[in-house]
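The values are calculated or read from the model by the stated rules, or taken from the named source; none is laboratory data. Keep in mind that this is a model prediction, so the values were computed, not measured. Methodologically, a virtual Cβ is constructed for each residue, glycine included, from the backbone with ideal geometry; neighbour enumeration extends over all protein chains shown.
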């Protein structure tokens, strides 16, 4: 078995030498980080990942530090379920009129000609709120659950369904949609 080769005319023998060659190449580090984030977060990588300062460990720390990874949003009646709501890859919380109400959307499957996304709303205020939130239009929604939407210029405005439109203090609601591009 011949485990030798070359990358950009740099010779290596075996997997350990190959890893050394790749780790010394800033293009590999950038590609690794971008690809890893795309797969784990279900979204595009950050543009500032490019360059020689890209580390391989920091992206692995990013996901467990997100709110959705650390907090459970499912109801107690649902038993032992995975965390729901904000998932790795979301755009940071966006206030929806009150700085204490957070609206998040994350694309969790993207196949180029379409995608599916999950959204969550959290009421951090001390009063009951009727929620809504906006997200940039990207295609045509073909399926939506636990919410309704209207087109507002270049954005979709999502509103809660009858059963989840009002959020008590500390309450959360989740919804989702799929769209064609």
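Side notes on the structure shown:
- Cβ-Cβ under 8 Å pairs, at least 6 apart or on other chains, the stretch 23-42 side closer than 21 Å to residue 105 by Cα and outside the structural domain of residue 109 (by TED's automatic domain parsing), far side surrounded by 14 or more Cβ atoms within 10 Å (Cβ to Cβ) and modelled with pLDDT of 75 or more: 41/106; 42/106; 42/107; 42/108; 42/110
- In the stretch 90-111, the residues that are at pLDDT 50 or above, closer than 17 Å to residue 160 by Cβ and part of a strand (DSSP E or B): 101, 102, 103, 104, 105
- Of all residues making up the stretch 126-155, the number that are under 20 Å from residue 109 (Cα atoms) and outside any strand (DSSP E or B): 4
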